[in-house]
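Readers should treat all values here as calculations from the given coordinates under stated rules, not as data from a laboratory. Because the structure is predicted, anything quoted here is derived from the model rather than measured. Neighbour counts run over all protein chains shown; Cβ positions are idealised from the backbone, glycine included.
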Amino acid sequence: MNRNSNLSTHEIGAYAEQLAVDYLLELGYVIIERNFFYKKVGEIDIVTRIASTLVFVEVRYRSNPFYGPPESTLSRIKLHRIRRTAEAWLICTRTKNIEIRFDVIAIDLHEGAPEIRHLINAF
């Protein structure tokens with residue numbers, strides 16, 4: 001994918017998210033849910049599991065390197081919303097007594113093949 005693509009921001013985001021899912025599946029993760037939205041609190045891009053750990057994954061991407069790496073776009077407010085949404089997911093699914101963590105998958109979509117960075121236990 002290059003900067004001159006005619007895709008919408010939504011389509012590019014969906015593409016980046018699918019790259020993240022494919023990457024996680026290759027590593028042996030089990031995808032439990034995608035795009036969990038809870039009321040006005042927020043959204044979790046991917047809920048997944050590896051071994052006995054439940055992982056909430058935020059996918060960030062950039063198609064232009066000029067503005068910095070994709071992971072730099074995570075504000076304190078966004079991190080707080082992700083945590084609150086994860087709490088809501090745990091309540092809604094009645095999930096208890098499980099180890100959880102929060103990962104970020106950062107994807108650079110500029111110039112050639114996408115570059116994926118997996119930040120484990122990122123926040």
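Using the rule -39500 (n - 2.57) for each DSSP H run of four or more residues, divided by the residues of the chain, the 222 nm mean residue ellipticity is -9500 deg cm²/dmol. Taking other residues whose beta carbon is less than 12 angstrom from the beta carbon of Ser52, and scoring Lys, Arg as +1 and Asp, Glu as -1, yields +1. Binning all Cα-Cα separations of segment 63-116 at 10 Å, short to long from zero, yields these whole-percent fractions: 19, 37, 26, 16, 2.
Which label marks the calculated value of volume of the Cα convex hull per residue in Å³, given the options (i) 130; (ii) 171; (iii) 103? Recomputing volume of the Cα convex hull per residue in Å³ here gives the entry labelled (iii). Counting only DSSP beta bridges whose two residues both lie in the chain, roughly 65 percent are antiparallel. Between Ser63 and Leu109, the built amide H atoms are under 5 Å apart, and every one of these is 5 or more places off in sequence or on another chain. How far is it, in nm, from the label point at His10 to the one at Thr93 when both lie 7 Å from their Cα along the line to the Cβ? Each label point lies 7 Å from its Cα, and together they span 2.5 nm. Coupling constants for segment 46-56 follow from the phi torsions by the Karplus curve (6.51 cos²θ - 1.76 cosθ + 1.60, θ = phi - 60°), and in residue order they are 9, 10, 9, 9, 10, 6, 9, 10, 8, 10, 9 Hz; glycine and proline get x. Taken over segment 1-55, the alpha-carbon convex hull comes to 89 cubic angstrom per residue. Helix 76-92: angle to the longest alpha-carbon principal axis of the chain, degrees 0 to 90, nearest 10? Value to nearest ten degrees: 40.
Packing around the peptides 31-44, 77-90, taken as the average count of other Cβ atoms within 10 Å per residue, puts them in this order, highest first: 77-90, 31-44.
Exposure proxy for Asp22, Asp103: other Cβ atoms within 10 Å of each Cβ, ordered fewest to most, give Asp22, Asp103. As a rough footprinting exposure proxy, the listed residues Arg117, Arg76 were ranked by other beta carbons within 10 Å of their own, and the order from fewest upward is Arg76, Arg117. Label points 7 Å out from Cα along the Cβ direction at Tyr23 and Arg83: separation in nm? Simple spin-label model gives 2.4 nm for this pair.
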